[in-house]
1. Kindly indicate whether any position in the stretch B:13-25 is in contact with a Phe, Trp or Tyr (Cβ under 9 Å, 6 or more places away or on another chain) and of a type in the set (A, V, I, L, M, F, W, C).
2. Is it the case that residue B:31 is within 19 Å of residue A:134 (Cα to Cα) and either touching a Leu at 6+ places or on another chain (Cβ under 7 Å) or modelled with pLDDT under 95 (or both)?
3. Give the number of residues within the stretch B:176-206 that are in a loop (DSSP other than H, G, I, E, B) and buried (at least 18 other Cβ atoms within 10 Å of the Cβ).
4. Kindly state which strands (runs of 3 or more DSSP E) lie completely within the stretch B:298-384 and contain at least 1 residues that are among the aromatic types (Phe, Trp, Tyr), touching a residue at least 24 places away in the same chain (Cβ under 8 Å) and in contact with a His (Cβ under 8 Å, 6 or more places away or on another chain).
5. Filter the stretch B:9-66 down to residues that are over 28 Å from the mean Cα position of the chain (by Cα), within 13 Å of chain A (Cβ to nearest Cβ) and in contact (Cβ under 8 Å) with a residue 60 or more places away in the chain and give me whichever is surrounded by the most Cβ atoms within 10 Å (Cβ to Cβ).
6. Checking the structure you have, find out if any residue of the stretch A:47-55 is over 12 Å from the mean Cα position of the chain (by Cα) and either under 18 Å from residue B:270 (Cβ atoms) or within 13 Å of another protein chain (Cβ to nearest Cβ) (or both).
7. Return the only residue of A:116, A:91 being under 21 Å from residue B:120 (Cβ atoms) and in contact with a helix residue (DSSP H, G or I) (Cβ under 9 Å, 6 or more places away or on another chain).
8. Go over the candidates B:154, B:210 one by one and state the one that is under 24 Å from residue B:239 (Cα atoms) and within 14 Å of chain A (Cβ to nearest Cβ).
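The values are calculated or read from the model by the stated rules, or taken from the named source; none is laboratory data. Source: prediction; values computed, not measured. Cβ coordinates were reconstructed from backbone atoms using ideal geometry, including for glycine residues, and neighbour counts include every protein chain displayed.
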Amino acid sequence: MQIIKDKKITEDHWQFVADDQDIPQAGDITVSMSRWLNDKDALVRRGGRTGIRIRSTDQLEGIAGDLAGMPLVELDIAMFGDGRSFSQAWLLRNRYHYRGEIRAVGNYLIDQIFYLHRTGVDAFQLDESRKPEAALAALNDFSVAYQPSVN
Amino acid sequence: MYQYTQDDQTLIDERVAQFRGQTERFLKGELDADQFRALRLMNGLYIQTHAPMLRVAGPYGLLSSRQLRKLAEIARNYDKGYCHFTTRQNIQYNWPKLEEVPDILAELAEVQMHAIQTSGNCMRNTTTDPLSGVCKDEIEDPRPYCEIIRQWTTLHPEFAFLPRKFKIAVSGALHDRAATQFHDIGLHLVKNDAGEVGFKVFVGGGLGRTPVIGQVIRPFLEKKHLLSYLEAIVRIYNLFGRRDNKYKARIKILVKEEGLDKVAELVEQEWQSNKDSLELSNERIESIKAQFAPPDHETSADLDGSFHKRLQENPAFATWVQQNTVDHRVPGYRAAFISLKAPDAPPGDITDTQLDLVADLADRFSFGEVRSTHRQNLVLTDVKQTDLFTLWQELGAAKLATPNIGTATDIICCPGLDFCSLANAGSIGITREINQALDDLDYLHDLGDIKINISGCMNGCAHQSVGHIGILGVDKKGEEWYQITLGGSSENEAAIGDRLGPAVAKDQITRAIQDILDVYIKQRQEDESFLNTVKRVGITPFKEQVYANH
């Protein structure tokens, strides 16, 4: 599956494993924050890498201690009008000094990619309404900005 | 006034291009109605009863003559020859075509104007005192800070999708003419004991369905921390404001439900961890301040005697000067209000020819600038007293000199049922009726300072809950009825009006207002204002009179 990562179209193999599905022994996966907090020990012992998928209602404090070395945090945008994910991205970068990948997934608009990128999101899940070329172009919607953010 | 840099211009040009693309995608069916709605609102575009409505930003109400001429041109070429000034110092067009909106925005960009964030769940146009920089009771001119906030809020990447709209107002004078206590954040420039000027910060004020008076979250904020503190408040709001119910999503509800102390504590924690990274340098403040330096006033403008002679010779002119102009900090100058409340015109509306005239008058008499006001009028802030007579004559010929500023016919009024798809009842027609009933100028001036605000629904765009007399249109089984409140105020002693009693029918509302004014005349002591009389005697005498007759 293709995603945008670091401003490039990239092949990607990460899988999200829902709470009611079994954890595979190998392969790179993301799980919900609650599953991560419950099964952390088992998840780090498995073969592949594990990241966390965060909903806009999740509190980041709970995973603050786990972020060092975390390969991927997905921000799950359930509704494009829910702007909490933008602050979560900013907090991950500025407050928690998280340096791994932050990927926007879910129901967001191509028109939000520029803002998401500025707040620290560096990877974007694509779909029918978010085609690779258009998503790449959206990273350059504006060439100037008034306020500092992450990017 | 502030002049765009190349970067400012680039930003609004790129915004026009982005919106053009969004409009095309919508028209091609690539964006659905909900998706386009969120995007178009952030460019001030509503879909209304008859046509789209486009709200153009008037940054803190300040407009140049060149910008006025462009507004006139747009009214002529894309609309029906007029536009409308709002309570938040913005400009609305009621009849643009959806597919032409990108062209309108491109035309606005030519004169450093835009419609960015004039609607939607984001940080809106920052508003201020229309007499900034010229009033005598000023601690410091708030406009440079408004401009700093304008830039910081514009396309802020983190706060473009807040739980609900977010409004900031700044006042620099002792007298609050910007309704700051009814904003999500209100800022007052104040001097502390050490003589330093900073901000008193109010949070959680708002009107609409649940009017709430803002509370002080920080009594004194150093100027250098302005943006970091705003950022902390908005981040806490973005993360914790309710998103489950749009009527409970404003920051006022967060403050009400969590308590001011809890919100203040969260903001403080947030601020402490980020305050150094967003510090405003003195250099930056001074460079913005330089763009708002006072114009070159003549030093002996007060020595001319012709003004006083005119006042004595021409009572109508004297009345206008008395009612529609105010003192200026420079002797020999006055600020002259342009009333957009002529008896037969919808409040706040102005035609293209009137706009062109105001632009010319601004060039000739007030350094090429004009301000829009919270009460939906305009003001030329720097007019020499010698020029007032000519100004009055020319304004009068264009029906812009009705001497009613601050009186009972200087009504704040929303578009109401005539234009707005949310309205339950008409408001413009009621305003016209009240005007007809109060057509005796001597009576009107005798009544003095009375603020009547009329909204056609409980969203309260005309701020009826803070009117000295508030009128709220409600729907009763398909008929238009009106609830009356008394004693509201959006100024320093902020208050929400008390409900008089049951709503009255449409054909009774003007009579009810007349009854209220009659009671005031009977009850007032000497020069006591309407608001003070209501405070002293309470609403009972008014209630008895209104409901005795109906």
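1. no
2. yes
3. 8
4. In the stretch B:298-384, B:333-338 are the strands (runs of 3 or more DSSP E) which contain 1 or more residues that are among the aromatic types (Phe, Trp, Tyr), touching a residue at least 24 places away in the same chain (Cβ under 8 Å) and in contact with a His (Cβ under 8 Å, 6 or more places away or on another chain).
5. Among those residues, the one meeting the criterion is B:23.
6. No: zero hits.
7. A:116
8. Sole residue among the options that is under 24 Å from residue B:239 (Cα atoms) and within 14 Å of chain A (Cβ to nearest Cβ): B:154.
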